[in-house]
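The values are calculated or read from the model by the stated rules, or taken from the named source; none is laboratory data. Predicted, not measured: the structure shown is a model, and the values here were computed from it. Here Cβ is always computed from backbone atoms with ideal geometry, including for glycine, and neighbour counts include all displayed protein chains.
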Amino acid sequence: MVRKITRTLLASCGLAALLGGNAWADQTVNFWYHFDSPENVSIMNDLVKTFESKNAGIKINAENIPWNNYYDKLFTSIVGGKAPDVAMVKLAQQPQLLEMDALEPVGSRLANWPGKADLGNNLLDISKASDGNQYYLPLQYVVVYLYYRADLFSAAKLNPPATCEEFLEAAKKLTVPASANNGVEQFGFGMRGGKGGYDNWGPFVLSQSAFEPGGLKSAKAVAANGWYVDLFRKQKVVPPSAPNDGFNEIISTFKSGRTAMIFHHVGSAKTLVDAFGDKVSAVPAPSCNGGRWTSFGDESTALFKSSKAKDAGWKWMAFLSEADNNVKFVQATGQMTVTKSGASKMTFPERFVKATENSLPFAKPLPAVPQSADFVNTVWPVNMQRALNGEITPAQMMEALDSHFYK
Amino acid sequence: MSAQSDVRRTPYILLSPAIIATLVVVFYPMLQAGITSLYRSILWKPKDVAFIGLDNYFAILHDPVFWDSLGRTAIWIGLTVPLQLALGFVTALLLNRNFWWRPLARSLILIPWALPSVVIGLMWSWIYHPQVGVLNDLLMRCGMLQSAMPWLANPDTALYAIIAALVWQGFPFFAIMILAGLQTIPGNLYEAASIDGATTWQKFLGITLPGLKGVLVTAVMLRIIWVANSMDVIYVMTGGGPGYATHTLPLYAFKRTYSSMDFGYGSALAVTFSLVLLVLITIYLRRVGKDMK
């Protein structure tokens, strides 16, 4: 009887081990991403299918999270112990994710990954954390540059601006009242005073400031901010809606022919070429008093410490950053591939790729400190809008920004 | 077990699912918000979470944005609800008359109420847009404006522009409630008043308004609560800007909680606002609804 029970127990244990073994082999990677356009989700589905066919036993559960709530959901999921295994992340959030002890270092995995050599120059250095470890694997990038209406510039006998002074001169000349423009009021510059507009403001002000205590409220920085605020208040070369204008507003007014210059990245190239063809072109952000700055917009993937499928998660991250897969991925987002071999396969018109490449030498992300995220979301828009409407002076705005970073 | 005790127990058994659901879905989060408000709790600083008693509440007292937002919330409720009520009342009186397309009019009137707030916010943002918006275009064509007005970008007009959008969204609620109330007033009261020589205005004051009191008190109370808590239209139209010009208290609490990830302070703002609203509703019911059973 005892022998029979022992045999049954052993058989049960063997079966359990076998089942357990299968369960281990079939891993699911929960992946969070954000695509602006829902039609592009099919591109992600294709990538998942390709990956799963090459990696039997790994299932990718890819979830498109709306951008507006992306980081709220990510942060609350981490605190609630329900973080995804892998997610798309930006550099601005890296210090906060590190503070939460949420990220898994990927340095040793990266060292053994054959795709490493194909990653674009400096991208790994830029995404390295302040503690010297590598947590992020670059996925795509963009650099903000200046779109301009080549036909309007040519008619006004202007060259695309290379300096602040030339920018102001062009903005003034291309601001035309409705009475002199077939009933359509035209402005030289589509200023983005609302959320996300710091990368329009940065080329004029951060080019003359420094991210160090007092660096944002130096006399030079304050004067630069006053110059920028005056584009709205004194020069009146921007639409009166500028304090509230976000991405949709600046793009729609540019597309409707009511502004002559806007800042954005290669992600808007297709829609603007569809609207204007060769009449729209791009140049790097102008230099101001010898300084030059533009925003380096990054996007990486990160592996989370809480993941129970780290090896499978890494395989998926690596897959997305490999040449052809990465080119396919950026088709959905309209951004630049991170691989050298994929760069030649990009389908953007050359003038926009050139504007991106020529901007890279002076493109920088915001400082890798926890305050950067709140600066982008709240502190910059509120203070910029108040300065544009005259509720605070440009100096008080810079004082507020400086104390946000260095109080 | 007697049949009498079964009868006594039945209401409790029948009510228990609703009570349990309310406890779990409403009271537990409220309690949690109250507890969180006593902590320094910034979401991305889990190691820094600490009990700080009422410090968040003391900080609120010294926060100028809180007081500005409170003032704006008073304007927000004080203008939106009466305007919705007035417009809804007039609409209900019109819809209570006989005309051949009344059924169609009753359906059309519901459209603003049936639209999602996000759609309304986006629609009105484009209506107000200085470059491509229809409002400026119309006003300029009529000669009422010389140049386009940035309704939402100007801190002096932004809040009122959003209030106008919310009045448009909310008046059908009053119209339908009041219309339902109007149809419960017996027609012979009006006939008797006519025989006695009452004017239309006297009939309105003596019959219609008292007959609608119950409906009006309830509808106004519900709208005060909904409008006070409503921030989706503001969020879509201006995000609280320009600057703080359209920050109401619920929006400020939301932004402190989710944009700045400051859950402790955001919860304290939410709790404070709930208490303010509770006091307001209590005063309202005591003064306006005192004769009601």
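Residues A:Ala92, A:Ala111: which one is more than 14 Å from chain B (Cβ to nearest Cβ) and small (Gly, Ala, Ser)?
One residue alone meets the criteria, A:Ala111.
Out of all the residues in region A:42-52, is one or more over 18 Å from A:Ala309 (Cβ atoms), assigned by TED's automatic domain parsing to the domain that holds A:Lys308, in contact with a strand residue (DSSP E or B) (Cβ under 9 Å, 6 or more places away or on another chain) and of a type outside the set (Lys, Arg)?
Yes.
How many residues, within region A:263-281, are surrounded by fewer than 17 Cβ atoms within 10 Å (Cβ to Cβ) and closer than 17 Å to A:Val143 by Cβ?
1
Residue check, A:Arg233 against (1) within 14 Å of chain B (Cβ to nearest Cβ); (2) modelled with pLDDT under 95; (3) farther than 27 Å from A:Tyr141 by Cβ, all met but one. Which one?
(2)
If we keep just the residues of region B:218-262 that are of a type in the set (Phe, Trp, Tyr) and more than 9 Å from chain A (Cβ to nearest Cβ), which is surrounded by the most Cβ atoms within 10 Å (Cβ to Cβ)?
For region B:218-262, the residue satisfying everything is B:Tyr252.
Quick check on region A:32-45. Is at least one of its residues surrounded by 10 or more Cβ atoms within 10 Å (Cβ to Cβ), assigned to a helix (DSSP H, G or I) and at pLDDT below 80?
No, region A:32-45 contains no residue that is surrounded by 10 or more Cβ atoms within 10 Å (Cβ to Cβ), assigned to a helix (DSSP H, G or I) and at pLDDT below 80.
What is the residue count in region A:349-397 for residues that are of a type in the set (Gly, Ala, Ser) and surrounded by 20 or more Cβ atoms within 10 Å (Cβ to Cβ)?
Count: 6.
Quick one: which helices (runs of 4 or more DSSP H) lie wholly within region A:60-136 and hold at least 1 residues that are under 21 Å from the mean Cα position of the chain (by Cα) and crowded, with 17+ Cβ neighbours inside 10 Å?
Hits in region A:60-136: A:70-79, A:94-99, A:123-126.
Would you mind finding the one in A:Val379, A:Val369 that is within 14 Å of chain B (Cβ to nearest Cβ) and under 17 Å from the mean Cα position of the chain (by Cα)?
A:Val369
Please go through (1) at pLDDT below 90; (2) buried (at least 20 other Cβ atoms within 10 Å of the Cβ); (3) of a type in the set (Ser, Thr, Tyr) for A:Ser344 and return the number of the only condition it doesn't satisfy.
A:Ser344 satisfies every listed condition except (2).
So which of A:Thr347, A:Thr356 ends up being free of Cβ contacts under 8 Å to residues at least 40 places away in the same chain, hydroxyl-bearing (Ser, Thr, Tyr) and closer than 21 Å to A:Lys270 by Cα?
That would be A:Thr347, the only listed residue that is free of Cβ contacts under 8 Å to residues at least 40 places away in the same chain, hydroxyl-bearing (Ser, Thr, Tyr) and closer than 21 Å to A:Lys270 by Cα.
Out of region B:31-63, which residues are part of a helix (DSSP H, G or I), more than 14 Å from chain A (Cβ to nearest Cβ) and without any contact (Cβ under 8 Å) to a residue 12 or more places away in the chain?
The answer is B:Leu31, B:Ile35, B:Phe58, B:Leu61.
The conditions are (1) in contact with a helix residue (DSSP H, G or I) (Cβ under 9 Å, 6 or more places away or on another chain); (2) more than 16 Å from A:Asn389 (Cα to Cα), and B:Leu138 fails exactly one of them. Which is it?
With (1) in contact with a helix residue (DSSP H, G or I) (Cβ under 9 Å, 6 or more places away or on another chain); (2) more than 16 Å from A:Asn389 (Cα to Cα) applied to B:Leu138, the lone miss is (1).
Suppose the filter is within 23 Å of the chain's Cα centre (by Cα), within 12 Å of chain B (Cβ to nearest Cβ) and buried (at least 24 other Cβ atoms within 10 Å of the Cβ); does A:Pro239 pass it?
no
Considering each of A:Lys340, A:Lys315, A:Lys364, A:Lys345 in turn, give the residue that is farther than 24 Å from A:Gly107 by Cα and more than 14 Å from chain B (Cβ to nearest Cβ).
A:Lys345
Filter region B:221-271 for residues that are of a type in the set (D, E, K, R) and without any contact (Cβ under 8 Å) to a residue 60 or more places away in the chain and give the result.
Across region B:221-271, the qualifying residues are B:Lys255, B:Arg256.
Any idea how many residues of region A:371-407 are assigned to a helix (DSSP H, G or I), closer than 26 Å to B:Pro150 by Cβ and touching a Lys or Arg at 6+ places or on another chain (Cβ under 6 Å)?
2
Could you say whether any residue in region A:51-59 is at pLDDT below 85, out of contact with any His (no Cβ under 7 Å at 6 or more places or on another chain) and within 23 Å of A:Ala302 (Cα to Cα)?
There is no residue in region A:51-59 that is at pLDDT below 85, out of contact with any His (no Cβ under 7 Å at 6 or more places or on another chain) and within 23 Å of A:Ala302 (Cα to Cα).
Looking at the structure I just gave you, is B:Val276 more than 12 Å from chain A (Cβ to nearest Cβ) and closer than 14 Å to B:Ile60 by Cα?
Yes, satisfied.
Tell me the helices (runs of 4 or more DSSP H) entirely within region A:195-287 that contain at least 2 residues that are among the aromatic types (Phe, Trp, Tyr) and touching a residue at least 40 places away in the same chain (Cβ under 8 Å).
A:198-205, A:219-233, A:247-255
May I ask you to verify whether A:Leu168 is of a type in the set (A, V, I, L, M, F, W, C), surrounded by 16 or more Cβ atoms within 10 Å (Cβ to Cβ), out of contact with any strand residue (DSSP E or B) (no Cβ under 8 Å at 6 or more places or on another chain) and away from chain B (no Cβ under 14 Å)?
Yes: the conditions hold for A:Leu168.
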